Structure formats: structure tokens, C-alpha cells
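Q: Here it is: the structure, laid out below.
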Amino acid sequence: LGHASRKIVEELLQKLLQVAVSDPSPSVRFCVVKSLNYEYVPLLCQAHHVQPLFLMLQDEVSSIRETALELLGHLALHNPTTVLPYFRRMIMDLIIALRGGGDSVVGRESATRLLVVSLRVEAISCIP
């Protein structure tokens, strides 16, 4: 992409990420995160895009969390320096939740599902 085109795509990605994090409709949020496919990896793996992607892991809808996690795993393969520190923290939080950090069965089930998805992500094997 040329510089002007890249800047436009960058701005569109930023707006899409805002929608993915804040839209009240779960179907809209899911469509947005699902549309962020691998052709956008060179742009999405930049630090300012990684934070909103990790916010999606807090979504109330499990399919959104799992799709965001799979995308983040793919991004970690391309820019581990930016993504893996967030992964480390997320895995630690999931383990704490599973050890009884919360009394909610739903919370533990959600933590288990995310942990299983994260274990399927190739990039996790890179975490020291």
C-alpha cells in the first residue's frame, strides 16, 4: 500500500476496533472482529491496535472472546514483542480465575474456554 492508502486503512481499522469494543449489539461486534482477517495483520499487530483487541477478551459473548483470542494469537506470530506480554498477563489472570479467584461457575467456565483456545494458538508456545 502507498502511504496515503495505508493511512486510510489505518484510520478505518481504528474505527472498526472502536465499534468492536463498544457497539451495544453483540452481532455487530462479532461481525467486526470476524472481519479482521489475516490480510490486516501487518497493521493490526501494531501496539495501538493490540490494546482494543485484548479488550475484546472481556466481551460478554464467548464467541467474540474466542475469535479475538485466535486473531491475537496470529498477531503474536508476526509481532511477539508487542503481543506476548499481554498474553502472559491474560494467561496468569485465567489461571487465577480457575484457582478460585471468583465463585462464579460461569466465570470459571469462561476462563477454561479461553485457556483452551489460547493453548491451541501457536504463538503461546513462544512465551518464555
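The values are calculated or read from the model by the stated rules, or taken from the named source; none is laboratory data. Only a predicted model underlies this, so the values are computations on that prediction, with no experimental measurement involved. With ideal geometry, Cβ positions are generated from the backbone for all residues, glycine too; neighbour counts draw on all protein chains shown. These accessible areas exclude ligands, DNA and RNA; they are computed on the full protein's heavy atoms, side chains included. Shrake-Rupley method; radii C 1.70, N 1.55, O 1.52, S 1.80 Å.
Q: So for the stretch 33-45 (the condition being in contact with a Ser or Thr (Cβ under 7 Å, 6 or more places away or on another chain), surrounded by fewer than 18 Cβ atoms within 10 Å (Cβ to Cβ) and at pLDDT 90 or above), does at least one residue qualify?
A: Within the stretch 33-45, one or more residues are in contact with a Ser or Thr (Cβ under 7 Å, 6 or more places away or on another chain), surrounded by fewer than 18 Cβ atoms within 10 Å (Cβ to Cβ) and at pLDDT 90 or above.
Q: If you scan the stretch 46-61, which residues turn out to be farther than 16 Å from LEU114 by Cβ, aliphatic (A, V, I, L, M) and surrounded by 15 or more Cβ atoms within 10 Å (Cβ to Cβ)?
A: Answer for the stretch 46-61, where residues must be farther than 16 Å from LEU114 by Cβ, aliphatic (A, V, I, L, M) and surrounded by 15 or more Cβ atoms within 10 Å (Cβ to Cβ): just VAL50.
Q: Quick test of your reading of the structure: LEU77 fulfils all but one of (1) closer than 18 Å to LEU94 by Cα; (2) in contact with an Asp or Glu (Cβ under 7 Å, 6 or more places away or on another chain); (3) open to solvent by 40 Å² or more (accessible area, probe 1.4 Å). Name the failing condition by number.
A: For LEU77, the failing item is (1).
Q: Residues that are closer than 23 Å to ALA111 by Cα and more than 14 Å from the chain's Cα centre (by Cα), at least 2 per element: which helices (runs of 4 or more DSSP H) completely within the stretch 1-76 meet that?
A: Result: 26-35.
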